[in-house]
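The next block holds one structure in the form of structure tokens; read it before the comments.
FYI, it's all coordinate maths here, none of it is from the lab. Because the structure is predicted, anything quoted here is derived from the model rather than measured. Here the Cβ positions follow ideal geometry from the backbone for every residue, glycine too, while neighbour counts run over all protein chains shown.
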2 protein chains.
Amino acid sequence: MTQVQTHEDPRTAMQVYGQRARTAARQVRKAADKAKAAALRAMADLIEERGEQLKQQNALDLEAARKNGLADALIDRLAITDKTLLSMATGLRQIAAMPDPVGSLGPTTTRPNGMRVAQMRVPLGVIGIIYESRPNVTIDAAALCLKSGNATILRGGSEAFHSNQALGGIIQEGLARAGLPQHAVQVVDTTDRAAVGAMVTMTEYIDVIVPRGGKGLIERLSREATVPLIKHLDGNCHVYLDKAADPVKAHDVTVNAKTYRYGICGTMETLLVHADVAGTLLPPIAATLVSKGVELRGCERTRAILPTALPATEEDWETEYLAPILAIRVVDDIDQAMEHIERYSSQHTESIITEDLAAATRFQREVDSSSVYVNLPTCFADGFEYGLGAEIGISTNRLHARGPVGLEGLTTMKWVLTGEGQLRG
Amino acid sequence: MTQVQTHEDPRTAMQVYGQRARTAARQVRKAADKAKAAALRAMADLIEERGEQLKQQNALDLEAARKNGLADALIDRLAITDKTLLSMATGLRQIAAMPDPVGSLGPTTTRPNGMRVAQMRVPLGVIGIIYESRPNVTIDAAALCLKSGNATILRGGSEAFHSNQALGGIIQEGLARAGLPQHAVQVVDTTDRAAVGAMVTMTEYIDVIVPRGGKGLIERLSREATVPLIKHLDGNCHVYLDKAADPVKAHDVTVNAKTYRYGICGTMETLLVHADVAGTLLPPIAATLVSKGVELRGCERTRAILPTALPATEEDWETEYLAPILAIRVVDDIDQAMEHIERYSSQHTESIITEDLAAATRFQREVDSSSVYVNLPTCFADGFEYGLGAEIGISTNRLHARGPVGLEGLTTMKWVLTGEGQLRG
């Protein structure tokens with residue numbers, strides 16, 4: 001791949017990335033799906049052929065990470081294993097096989113004067129991805145952005161530098177094999193932090209940035225960015241056990257919502273329970289959760305039912321634990337449950353467990369989160385589970401994409417009107 | 001209406017508007033369409049009942065405008081006449097009668113595990129409107145935002161202060177008559193410019209701002225805003241007469257695109273003509289335009305055909321005249337036409353005149369503007385003409401709404417999932 005000289009000022013270097021991306025975007029937005037799919041399949045083949053080389057480059061990152069005393073969990077995320085390789089190649093082939101979103105037309109209406117009005121799906125343009133440790137994001141994000149006809153600038157964490165550069169080489173070779181412009185996907189080859197500052201303010205060259213990483217990263221970028229971000233800050237998700245909850249569903253869904261994985265953004269962090277059923281529903285749920293090592297923290301009414309639960313404070317309602325800890329609050333009714341959610345939720349994902357249609361309908365209509373469930377665990381919050389095929393991220397924004405963002409979220413709709421010389425006025 | 005004390009610091013005052021709007025937004029997003037429509041019809045009735053009072057308040061603004069030597073065109077826009085009153089009342093009743101976008105569900109898909117996935121349309125939240133002179137924007141914008149379940153903060157120009165305050169009083173009385181929260185629509189009662197600066201940075205209280213006004217206003221707001229703007233800077237619109245253009249359509253559409261109204265953003269500013277047909281198409285078009293008082297400026301090849309045309313410079317290709325002036329360029333082919341558009345267009349609206357399906361298809365797919373037409377004049381760029389019922393503005397943004405923005409552009413889609421206790425993993 002063409003190197004941008006790293007001794008340059010990183011802002012100047014990023015301008016070069018930006019200009020190249022803008023030029024490539026004009027070409028790739030018109031690319032046939034055949035070419036885009038061929039490039040993605042070529043990348044999958046190359047990942048399989050060059051697995052050993054990728055692992056060698058990855059080993060350099062792992063070695064540095066160990067020297068720098070990175071936490072084991074972070075080193076795990078950084079590692080490229082046979083499983084990672086397989087998952088990247090499979091992901092590429094799946095995205096290659098998805099229908100091309102570009103150029104599809106929405107419903108056409110005919111106006112009284114006979115002209116036809118429709119909306120056509122088109123790429124956003126240039127997408128910036130700013131991410132931490134996991135090198136597989138390089139492949140997943142590049143693939144989704146390319147399939148949706150966008151040019152991409154990828155800026156991974158410095159701890160994955162060698163891995164990302166190696167993957168970037170494979171991506172560009174895949175693009176070349178399919179006759180697509182080399183700069184349709186660029187992996188930034190500087191680890192200077194100023195490059196990130198440049199990306200989030202390059203409104204002339206970057207149309208949207210998808211940050212992938214911890215809350216610290218997102219908060220920092222949000223403060224600096226003038227380029228729009230597709231993002232969520234955190235996932236303080238709630239499950240509400242309604243008065244009319246089925247006890248088996250209440251138990252199973254609650255346990256699943258907390259324990260499927262502690263570290264993902266869709267994990268339930270606070271359980272709300274209707275006062276009338278708290279006494280019967282909470283003890284079996286608590287027993288299972290405690291047996292799985294989950295620490296319980298409750299309001300006073302909860303602790304009257306579960307005396308071993310620790311007292312919950314205001315801070316607990318606000319916290320995304322990402323850990324085996326659960327806050328529990330007994331509420332008077334669905335209104336108090338929704339008030340609690342309105343106040344503390346991060347508008348990511350909330351769920352009601354109920355057999356009462358009116359309660360389910362109210363909850364789904366009135367809770368103002370990006371995903372609102374009935375009788376399902378919040379851990380379903382994932383583009384693949386929604387049928388989007390793959391997701392670039394989850395958004396709690398109100399404009400543009402909200403919830404899991406798949407290929408469509410990386411596109412926009414322009415208007416196309418067709419007539420036979422109709423005139424106005 | 002409750003007054004915010006104007007002796008306060010305007011930033012503090014705007015925080016109060018913001019807090020009230022956020023509270024009202026929680027209520028109005030759940031409001032039944034019956035109540036929203038009743039409020040809009042009550043406002044229409046009040047405008048009819050209080051026409052004389054409105055005109056009296058408007059007279060204060062007109063008097064000040066004349067004293068301050070405002071241009072006649074601006075005074076015209078400022079004036080509330082019987083026609084303006086009728087148009088506001090009719091607009092309100094039309095918006096009242098439109099289908100409520102809130103709560104409508106997109107297609108539902110059933111996942112392999114049986115859970116149902118759909119998207120539900122919900123309000124954006126709090127919308128800020130920043131606008132100049134025309135007081136009817138107060139009514140139109142308030143009506144669209146209310147119908148789509150949003151709370152609104154309206155900040156009009158100081159030259160329309162008395163008119164806007166009077167209309168604000170009518171809006172709040174209409175809200176009260178329908179039992180809706182008073183602060184669902186607030187008309188800012190300070191003319192301090194710092195109020196605008198506060199609005200565009202109040203990300204905690206305002207979800208999106210729709211600026212309505214000249215390029216100067218939009219540029220200034222774009223520089224300062226951290227709240228997203230739904231906007232377009234200008235409308236440098238193109239018509240391309242293809243080799244396969246029908247001569248009658250070419251003539252009539254071109255003349256209509258330029259002369260329907262000189263001052264609207266959809267007016268054609270540059271005409272591109274295929275070299276093979278320029279000699280036959282241009283003379284009759286030029287004759288009609290000149291007879292209507294349009295000044296022609298052309299490239300060298302144009303001037304070889306139309307010797308009376310003035311020479312066009314680089315600046316002409318870049319200019320939105322908003323005046324009876326037209327730039328004309330002869331191009332080699334459709335590729336050169338699209339290159340010209342790619343370089344100079346403001347991505348507002350472009351049109352091709354052709355009988356060739358392949359050319360029409362290519363133009364519509366490849367031109368990267370928010371609206372792309374075939375055989376239609378660019379002056380159709382208007383939400384009402386597209387069938388949106390009414391528009392809050394036109395967007396050349398890539399994220400969220402692109403092109404004319406109606407009720408749907410003032411909403412977002414959340415995900416609603418319904419199951420029977422399905423678990424993950």
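Based on Cα positions only, what radius of gyration and what Dmax would you give for chain A, in angstroms?
According to the Cα coordinates of chain A, Rg and Dmax are 24.0, 78 Å.
For A:LEU326, what charge total do you get from the other residues with a beta carbon under 11 Å from its beta carbon, if Lys and Arg give +1 and Asp and Glu give -1?
Summing Lys and Arg as +1 and Asp and Glu as -1 gives +1.
Under a plain spin-label model, where a point goes 7 Å from the Cα along Cα-to-Cβ, how far apart in nm are B:THR23 and B:ASP332?
Going by the 7 Å Cα→Cβ label model, 6.7 nm.
Full-extension gain between A:GLU420 and A:GLU204, please, as 0.36 nm times their residue separation minus the C-alpha to C-alpha distance.
Stretched fully, the A:GLU420-A:GLU204 segment lengthens by 74.1 nm.
What are the lysines whose alpha-carbon lies under 26 Å from the alpha-carbon of A:LYS215, with same-chain residues fewer than 8 places away excluded?
Within reach: A:LYS67, A:LYS231, A:LYS258, B:LYS414.
What does the charge dipole of segment B:89-202 about its Cα centre add up to, to the nearest 20 debye, if the Cβ of each Lys and Arg holds +1 and the Cβ of each Asp and Glu holds -1?
540 debye
Using a 10 Å cut-off on Cβ to Cβ distances, tally the other chain neighbours for every residue of B:385-398 and report the average as a whole number.
The mean count of partner-chain Cβ atoms within 10 Å per residue comes to 3.
Apply 1/(1 + (r/R0)^6) to the Cβ-Cβ distance of A:ASP33 and B:ALA275, taking R0 = 30 Å, and write down the FRET efficiency to the nearest 0.05.
For A:ASP33 and B:ALA275, the calculated efficiency is 0.35.
Note the full-extension length gain between A:THR308 and A:ARG261 as 0.36 nm times their separation in residues minus their Cα-Cα distance, in nm to one decimal.
14.6 nm
Please tell me the relative contact order of segment A:123-253 in percent, rounded to the nearest whole number, where contacts are Cα pairs under 8 Å and at least six residues apart.
Computed over segment A:123-253, the figure is 25 percent.
At 222 nm, what helix-only mean residue ellipticity would chain A give, in deg cm²/dmol to the nearest 500, using -39500 (n - 2.57) for each DSSP H run of four or more?
It lands at -13500 deg cm²/dmol.
How big is the gap, in Å, between the Cα center of segment B:346-425 and the Cα center of segment A:320-361?
So the two Cα centres are separated by 36 Å.
Using the count of nearby Cβ atoms within 10 Å as a rough guide to exposure, how do A:HIS340, A:HIS251 rank from fewest to most?
Result, fewest neighbours first: A:HIS340, A:HIS251.
Say a label goes 7 Å from Cα toward Cβ at B:PRO307 in every copy; what distances in nm does this one have to the rest, shortest first?
10.9
Give me the net charge of B:GLY389's neighbourhood, meaning all other residues with Cβ under 13 Å from the Cβ of B:GLY389; Lys, Arg count +1, Asp, Glu -1.
-3
Restricting to Cα pairs below 8 Å that are 6+ residues apart, what does the relative contact order work out to for segment A:285-425? Please round to a whole percent.
Across segment A:285-425, relative contact order equals 14 percent.
Could you please state, rounded to a whole Å, how far the C-alpha centre of segment B:236-301 is from the C-alpha centre of segment B:184-228?
37 Å
R0 = 25 Å: FRET efficiency of B:ARG223 with B:SER158, Cβ-based, nearest 0.05?
0.75
How much length, in nm to one decimal, is gained on full extension between B:ALA97 and B:ARG111, taken as 0.36 nm per residue of separation minus their Cα-Cα distance?
1.4 nm
In 5 Å bins starting at 0, how do the alpha-carbon pair distances of segment A:26-172 split up by percent?
Final binned percentages: 2, 10, 17, 18, 16, 11, 9, 6, 4, 3, 2, 1, 1, 0, 0.
Would you mind counting up the charge near A:ILE170? Only other residues with Cβ under 15 Å from its Cβ, with Lys and Arg at +1 and Asp and Glu at -1.
So the environment of A:ILE170 carries a net charge of -2.
Using the beta-carbon distance between B:GLN182 and A:GLU342 and R0 = 22 Å, what value does 1/(1 + (r/R0)^6) give for FRET efficiency, to the nearest 0.05?
Calculated transfer efficiency: 0.60.
Say each of A:ALA194 and A:ALA71 gets a label point 7 Å from the Cα, pointing the same way as Cα to Cβ; how far apart are those two points in nm?
Those two pseudo-labels are separated by 3.1 nm.
On average, how many beta carbons from a partner chain sit within 10 Å of the beta carbon of a residue in A:372-381?
Going residue by residue through A:372-381 and averaging, the value is 6.
Lys/Arg Cβ at +1, Asp/Glu Cβ at -1, dipole of segment A:21-139 taken about the Cα centre: which of A:ALA37, A:LEU85, A:PRO112 is farthest positive-ward?
Going by the Cα projections, it comes out as A:PRO112.
Using unit Cβ charges (K, R positive; D, E negative) and no other charged atoms, how large, in debye to the nearest 20, is the dipole of the protein assembly as shown about its Cα centre?
Charge dipole, the protein assembly as shown, about its Cα centre: 540 debye, nearest 20.
Between B:LEU60 and A:SER104, what is the label-to-label distance in nm when each label sits 7 Å out along the Cα-to-Cβ direction?
5.5 nm
If you project the alpha carbons of segment B:106-254 onto the principal axes, what extent comes out on each, in Å, largest first?
Principal extents (largest minus smallest coordinate, Cα): 57, 57, 33 Å.
When chain A is turned about an axis onto chain B, which of its residues keeps its C-beta closest to that axis, and how many Å is it?
Result for the axis mapping A onto B: A:HIS400, 2.
By its C-alpha gyration tensor, with a ≥ b ≥ c as the square roots of the eigenvalues, how is segment A:237-380 shaped: rounded for a/c under 1.5, else prolate for a/b larger than b/c, else oblate?
rounded
Report the charge-dipole magnitude of segment B:237-385 in Debye, nearest 20, computed about the Cα centre from +1 at each Lys and Arg Cβ and -1 at each Asp and Glu Cβ.
Dipole of segment B:237-385, to the nearest 20 debye: 480 debye.
In Å, what Rg and Dmax follow from the Cα atoms of the protein assembly as shown?
28.8, 95
Over chain A, what is the relative contact order in whole percent, taking alpha-carbon pairs under 8 Å and six or more residues apart?
18 percent
Lys/Arg Cβ at +1, Asp/Glu Cβ at -1, dipole of segment B:10-231 taken about the Cα centre: which of B:LEU180, B:PRO101, B:VAL126 is farthest positive-ward?
Toward the positive end, the furthest listed residue is B:PRO101.
How much space per residue, in cubic angstrom, does the convex hull of the C-alpha atoms of segment A:190-250 take up?
So the per-residue hull volume is 131 Å³.
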